[in-house]
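A.B. asks: My questions all concern the structure below.
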Amino acid sequence: MRGNPHPDVITAPIAIDPNIIKKSNKEYVDVETNEGLTRGVTIIDYVDPDILLVTINLTPKSI
């Protein structure tokens with residue numbers, strides 16, 4: 001998926017049916033949130049991916 005500028009077009013169908021995923025990788029991803037021309041830019045570090053996986057367990061009662 002390198003270079004794909006349309007993450008929402010891919011993410012929405014996966015949220016509906018995760019079985020469409022043929023291959024997936026865990027990558028370090030950062031999204032620019034500061035004001036300016038680069039706001040919203042998604043950066044994926046393929047060279048040195050120090051992956052931090054955070055999982056939050058939510059149940060309907062805790063929402």
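A.B. asks: I need every pair where a residue in region 38-52 that is of a type outside the set (S, T, N, Q) and surrounded by 10 or more Cβ atoms within 10 Å (Cβ to Cβ) has its Cβ under 6 Å from the Cβ of a residue that is modelled with pLDDT under 85 and part of a loop (DSSP other than H, G, I, E, B), sequence separation at least 6 or different chains.
C.D. replies: Pairs found: I44/E27; P49/E27; I51/K26.
A.B. asks: Let me ask another. Do we have I63 as surrounded by 10 or more Cβ atoms within 10 Å (Cβ to Cβ) and either hydroxyl-bearing (S, T, Y) or modelled with pLDDT under 85 (or both) here?
C.D. replies: No; evaluated as a whole, the condition is false for this residue.
A.B. asks: Within region 29-51, which residues are within 20 Å of T11 (Cβ to Cβ) and modelled with pLDDT under 80?
C.D. replies: D45, Y46, P49, I51
The values are calculated or read from the model by the stated rules, or taken from the named source; none is laboratory data. Just so it is clear, the model here is predicted, and its values are computed rather than measured. When we count neighbours, we look across all protein chains shown, and the Cβ atoms used for this are built from the backbone with ideal geometry, even at glycine.
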